[in-house]
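Visitor: I have a structure I would like to understand better, so I am pasting it below and will then ask my questions one at a time.
The values are calculated or read from the model by the stated rules, or taken from the named source; none is laboratory data. All values derive from a computational prediction rather than experimental measurement. Positions of Cβ are backbone-derived with ideal geometry, glycine not excepted, and every protein chain shown enters the neighbour counts. When the accessible area is computed, the model is the full protein with side chains, heavy atoms only, and any ligands, DNA or RNA have been set aside. Shrake-Rupley method; radii C 1.70, N 1.55, O 1.52, S 1.80 Å.
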Amino acid sequence: MPVFSYLAFPHPGCRERLCDALALLPHCAILPATDHDLLVVVTDTPDDNAEAALQRGLKALPELQSLSLVFGSDEPQERT
Amino acid sequence: MKLDRRQFLVRAATGSAISAATALFPGISFGEWPKIAENSSVVSWHKAPCRFCGTGCGVLVGTVGGRAVAVKGDPNSSVNKGLCCMKGYHSVQALYGADRLTKAKVRKDGQLVEVPMAEALDLVASKLRETREKYGKDAVAIYGSGQWTIPDGYVASKLFKGCLGTNNVEANARLCMSSAVTGFMTSFGIDEPMGCYEDIEHADVFVTWGNNMAEMHPVLFSRMLASRRRRAGVKVIDFATRRTRTSQAADRSILFRPQTDLAVANAICHEIVANGWVNEAFVGEHVSFHRGKTGIGYGTEDHFAFTDEEQGITFDDYRRFLADYTPEKVEKISGVSAKDIKYLAALYGDPALKVVSFWCMGMNQHTRGTWIQNLVYNIHLLTGKISQAGNGPFSLTGQPSACGTVREVGTLTHALPHGTVGNEHDRQMAAEIWGVPVANIDPRPTYHTVEMFRALDRGDIKFLWIQVTNPMVTLPNLRRYRSGALKEDRFVVVSDVYPTPTTDIADVILPSALWVEKEGLFGNSERRTQHWQRVVEPPGEAMCDTWQLIEVARRLGFAERFPWSREEAIEKIWEEYRRFHAGPKHEMAPYETLRARSGVQWPFVEGKETRWRFNAAHDPACSNGKAFHFYGQRDGRAWIWARPYEPAAESPDRDYPFWLNTGRVIEHWHTGSLTRRVPVLHNAVPASYVELNPEDAAALGVVNGEKVRLVSRRGELVLPAQINGRGLPPRGMVFVPFFDESLLVNEVTLDAFCPISKQPDYKKCAVRVEKA
Ligand code: SF4
């Protein structure tokens, strides 16, 4: 059940299209900066398959110039 | 508004990304989100320094239901102003790896078996006593770390040096910053940087000397780039032996051949003198000139000993010494064009430009580590660019408390919390504060780190207690030291939080509390002491390292020297330790102040931190009535040293034609024992590799990911090639990160060291490269 956050930079002039494309991906929330071409992307997937599908979806976005991982948690095993 | 844990994680992830964006674009707006995020009552936040690098970022650790769940940058910390790097954001996950050590283990019939903690501590105490009685006081030793807390190191030193009477106390910081110490001591007579991170907001030019700050000190690097974005004309010059992420972001990247930084630094000084850029008023008032021995060796043989002999010289002598270092001559040695040398000299020499030089392992892990520090100080001293906002040489440290615990507490064989064992006054002070007879403190240093492990191999040391470090990954020429530690009658105790190659060779493993599972203090690169409280419980029987030492001290009959209750111990230890540093040169903040604030810089005098030492406008210890006072040296001046270029201990030749350089990557902390338990960090770089220059790779017929064998005179290693990855070595050099315990590059490296600092050189040895 991983949770990740990223900084996403669109190709020049592609900000709106990138927002739309990301909004269509399941398990993916976006928070666009109001004054810069930059989006915070937060993913919250239920299992590894959904995470892998989402990663494929992210990599296929032509509007996306770069995606930098900032935070990740994949619910490591609880200590007994 | 209450959040469940999952919602909280999403919030933490979002908050971290917003902090990162804010660091990149100060003032960036995300509308109403930050207000919503703060409006959660489920999480409590607690201040702490980051567990990882020597930058010493202040963080806030979020806890829910007794578990640490998130980290954010502490906005009250002037170090990082709310920002963290990826290691910092993920640091709490290092507490919860599935294979955390929670019970003590003792080797019985060759197998490590779980025993109650009290039984293991009994065994440690009885073995220590027995070894000392049978073989003498110097047959027992402790080897700690720049990740020891200040109380850990202080108690270790008091027990071993004060009570047991042996100077067999060393720490892994010997491997990471002892050249920085000897550099300071020889140039200024007193340790630790004169400047502070605020320099970053004032400098016009930054020169990174063999220092990949983008990966090793990422928050400071972001601060430097933010400073460049905000102010026109600010430049970053990367001066290194391979291209890195720092070179990519720099305005200019200049490569030099390994070891020849010595020659280039002298050539810069040559140009400064030749062009009349010497700040004569500053030099006349505040500088004196010196030389020492040359041809000083490399320490590769057992029992190597060296003592420098200082001789005063004149400015004219120094000028004559520099005559050998014209840019044209040095171009031939270093591969740096005379034009680039003149360019660097012109930046340093321009009185209108403020210049900061940053360095860390590139200059420290160097067989002439002390010399290269002296030579970079020379540049700043000749131009008077020192001890002022935005002007200064800045030696960064690698570990979170290499300064706080090793340099300030003095957890090295020759040192005491104040001064050295060889100094009678310092011994008397220690004996009085520790409440031990002065005769207990031996005036002779024993073994520096490499020699300590040689002594274990020879059998001169029989009992070794290792805390918070992983020498079976980090020692150079590792095979010798691993086989030494495994010899029949050696007894090795290891305190750690996860199984490592070092716990593999242990006779006793003591499970340790980690970071916010205990109260502690660290000291970072800019003389900043940071306190934190315990905010979560350690697992199982894990115990803080300070308390492990106290438990053993009590079993050895020293209860009166360690009388504190567990609740008050850290406060009492701090207040006892602080007595060593009383006075304006090193005064430490009281416990209550440290508890309340997100870090305090020393000297902390009459409630005021000291930003720039040796500068009379800032430093209360200046007493000569002048603008600057270098009070550490006996003549009240800073010392310029005539130190020549001398070659590396081992250079490429026909049989071993490549340089091997080793180091870190941003994702992993040191040997990876913590960060490899953090899935995101581990998955980002799951295994080590060897960076190859693309032309060398083509000549070898190797493509990306293909296996390559590195062979040195000490060992060999097979690992995948990385070509055009994050780092790009020049032709004839390979680079290997050392975080991977299954690919031990230190079986290949050489245990040569700087004869003055005794710090090994992990950046230079000769290897052969073959397609595997
Ligand atoms: S830069 Fe260093 S101290 Fe700061 S968050 Fe990263 S690892 Fe921690």
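Visitor: Relative to the present Cα-Cα distance, how much length would full extension add between B:SER565 and B:ASP302 at 0.36 nm per residue of separation?
Guide: Residue separation times 0.36 nm, minus the Cα-Cα distance, leaves 90.3 nm.
Visitor: Okay, moving on. Calculate the mean, over all residues of peptide B:7-14, of how many other protein chain Cβ atoms lie within 10 angstrom of the residue's Cβ.
Guide: Going residue by residue through B:7-14 and averaging, the value is 6.
Visitor: Right, next: Residue by residue through B:63-71, how many Cβ atoms from other chains fall within 10 Å of the Cβ on average?
Guide: 1
Visitor: Here is a follow-up. What percent antiparallel are the DSSP beta bridges of segment B:658-749, to the nearest 5?
Guide: In segment B:658-749, approximately 45 percent of DSSP beta bridges are antiparallel ones.
Visitor: Once neighbouring chains are kept in place and the probe is 1.4 Å, which whole percent of the accessible area of segment B:547-638 is contributed by carbon and sulfur?
Guide: Its accessible area is 45 percent carbon and sulfur atoms.
Visitor: Per Stokes-Einstein, at 20 °C and 1.002 mPa s, what whole-number D in µm² s⁻¹ belongs to chain B, with the Kirkwood radius over Cα pairs as the hydrodynamic radius?
Guide: D = 81 µm²/s.
Visitor: Still on this structure, please answer the following. What accessible area per residue comes out for chain B, rounded to a whole number of Å², with a 1.4 Å probe?
Guide: That works out to 32 Å² per residue.
Visitor: Which value in Å does the Kirkwood hydrodynamic radius of segment B:658-749 take, with 1/r averaged over all unlike C-alpha pairs and then inverted?
Guide: 13.4
Visitor: While we're here: Alpha carbon centre of segment A:1-65 versus segment B:245-308: separation in Å?
Guide: Each part reduced to its Cα centre gives a spacing of 49 Å.
Visitor: To the nearest 10 Å², what's B:CYS50's accessible area with a 1.4 Å probe?
Guide: 10
Visitor: Note the per residue figure in Å³ for the convex hull of the C-alpha positions in segment B:5-96.
Guide: 94
Visitor: What FRET efficiency do you get for B:ALA346 and B:GLU280 if R0 is 22 Å and r is their Cβ-Cβ distance, rounded to the nearest 0.05?
Guide: 0.75
Visitor: Which lysines, on any chain, are close to B:LYS332 with Cα under 23 Å apart, when same-chain ones fewer than 8 places away are left out?
Guide: By straight Cα distance, B:LYS332 reaches B:LYS342, B:LYS763, B:LYS764.
Visitor: Here is a follow-up. Rounded to the nearest 100 Å², what is the buried accessible area between A and B, both sides summed, probe 1.4 Å?
Guide: Separately minus together, A and B give about 2700 Å² buried.
Visitor: Using θ = phi - 60° and the Karplus form 6.51 cos²θ - 1.76 cosθ + 1.60, what ³J(HN,Hα) does each residue of segment B:754-767 get, whole Hz, x for Gly and Pro?
Guide: 5, x, 8, 8, 6, 8, x, 9, 8, 9, 8, 8, 9, 9
Visitor: Within 10 Å, Cβ to Cβ, of B:LEU412, how many net charges do the neighbouring residues add up to if Lys/Arg are +1 and Asp/Glu are -1?
Guide: +2
Visitor: Also: Based on the mean of other beta carbon atoms within 10 Å per residue, what is the order of B:257-268, B:639-650, most packed first?
Guide: Output ranking for B:257-268, B:639-650: B:257-268, B:639-650.
Visitor: B:LYS771: which lysines have alpha carbons under 18 Å from its alpha carbon, excluding same-chain residues fewer than 8 sequence positions away?
Guide: Here the lysines satisfying the reach criterion relative to B:LYS771 are B:LYS707.
Visitor: What does the charge count around B:LEU83 come to, taking other residues whose C-beta lies under 13 Å from its C-beta (Lys +1, Arg +1, Asp -1, Glu -1)?
Guide: Local charge sum for B:LEU83: +3.
Visitor: Filter the DSSP H helices in chain B by two things, a Kyte-Doolittle mean of at least 0.0 and an axial alpha-carbon span of 20 angstrom or more, and list the hits by number.
Guide: Membrane-span-like by this criterion, though nothing is claimed about a membrane: B:5-24, B:369-383.
Visitor: Please list, ordered by chain and number, the residues whose modelled amide H lies under 5 Å from the amide H of B:MET543; skip anything fewer than 5 residues away on the same chain.
Guide: B:SER512, B:ALA513
Visitor: B:LYS487: which lysines have alpha carbons under 19 Å from its alpha carbon, excluding same-chain residues fewer than 8 sequence positions away?
Guide: Qualifying lysines at Cα under 19 Å: B:LYS108, B:LYS127, B:LYS134, B:LYS462.
Visitor: Take the cross-link list B:LYS137/B:LYS161; B:LYS87/B:LYS235; B:LYS235/B:LYS354 and give me the ones stretching past 19 Å between alpha-carbons.
Guide: B:LYS87/B:LYS235
Visitor: Follow-up question, since we're still on this one. If you keep only loop residues by DSSP, which trypsin sites (Lys or Arg not before Pro) in segment B:566-675 have at most 15 other Cβ atoms within 10 Å of their Cβ?
Guide: Counting only loop positions with at most 15 other Cβ atoms within 10 Å, the trypsin sites (Lys or Arg not before Pro) in segment B:566-675 are B:ARG566, B:LYS626, B:ARG634, B:ARG654.
Visitor: Give me the distance between the Cα centres of segment B:722-741 and segment B:678-708, rounded to whole Å.
Guide: 7
Visitor: What distance in nm separates the two pseudo spin-label positions at B:THR294 and A:CYS19, each 7 Å out from Cα along the beta-carbon direction?
Guide: 6.8
Visitor: Would you mind checking the tilt of helix A:48-59 against the longest principal axis of the Cα atoms of chain A, expressed as 0 to 90 degrees and rounded to 10?
Guide: The helix A:48-59 is inclined about 20 degrees to chain A.
Visitor: Separate question: Considering all projection directions equally, how large on average is the shadow of the alpha-carbon convex hull of segment B:293-429, in square nanometres?
Guide: The Cα convex hull of segment B:293-429, projected and averaged over all directions, gives 11.7 nm².
Visitor: In segment B:658-749, carbon and sulfur make up what percent of the accessible area (probe 1.4 Å)?
Guide: Looking at segment B:658-749 in its full context, I get 50 percent from C and S.
Visitor: Let me confirm one metric for peptide B:81-87, namely the mean number of other chain beta-carbon atoms within 10 Å of its residues' beta-carbons.
Guide: Across the residues of B:81-87, the mean count of other-chain Cβ atoms within 10 Å is 1.
Visitor: Go through B:ARG534, B:ARG245 and list them by solvent-accessible area, largest first, probe radius 1.4 Å.
Guide: B:ARG534, B:ARG245
Visitor: Now a separate question. Under 5 Å between amide H atoms, partner at least 5 residues away or on a different chain: which partners does B:TRP465 have, H built in plane at 1.01 Å?
Guide: Close amide H contacts, sequence-distant or interchain: B:ALA141, B:ILE142, B:TYR143, B:VAL493.
Visitor: Could you look at segment B:5-96 and say what percent of its accessible area is carbon and sulfur, using a 1.4 Å probe and all protein chains?
Guide: Carbon and sulfur atoms account for 58 percent of the accessible area of segment B:5-96.
Visitor: Please give, to one decimal in nm, the separation of the simple spin-label points placed at B:ALA617 and B:THR326, each 7 Å out from Cα toward the Cβ.
Guide: My value for the distance between the label points is 4.0 nm.
Visitor: When DSSP assigns beta bridges and you keep just the ones with both residues in chain B, what percent turn out antiparallel, to the nearest 5?
Guide: Counting DSSP beta bridges with both partners in chain B, the antiparallel share is about 50 percent.
Visitor: Right, something else. Please give the per residue volume of the convex hull enclosing the alpha carbon atoms of segment B:178-399, rounded to a whole number of Å³.
Guide: Taking the convex hull of the Cα positions in segment B:178-399, it is 127 Å³ per residue.
Visitor: Once every DSSP H run of n ≥ 4 in chain B is given -39500 (n - 2.57) and the sum is divided by its residues, what mean residue ellipticity at 222 nm do you get, rounded to the nearest 500 deg cm²/dmol?
Guide: Result for chain B, helices only: -8500 deg cm²/dmol.
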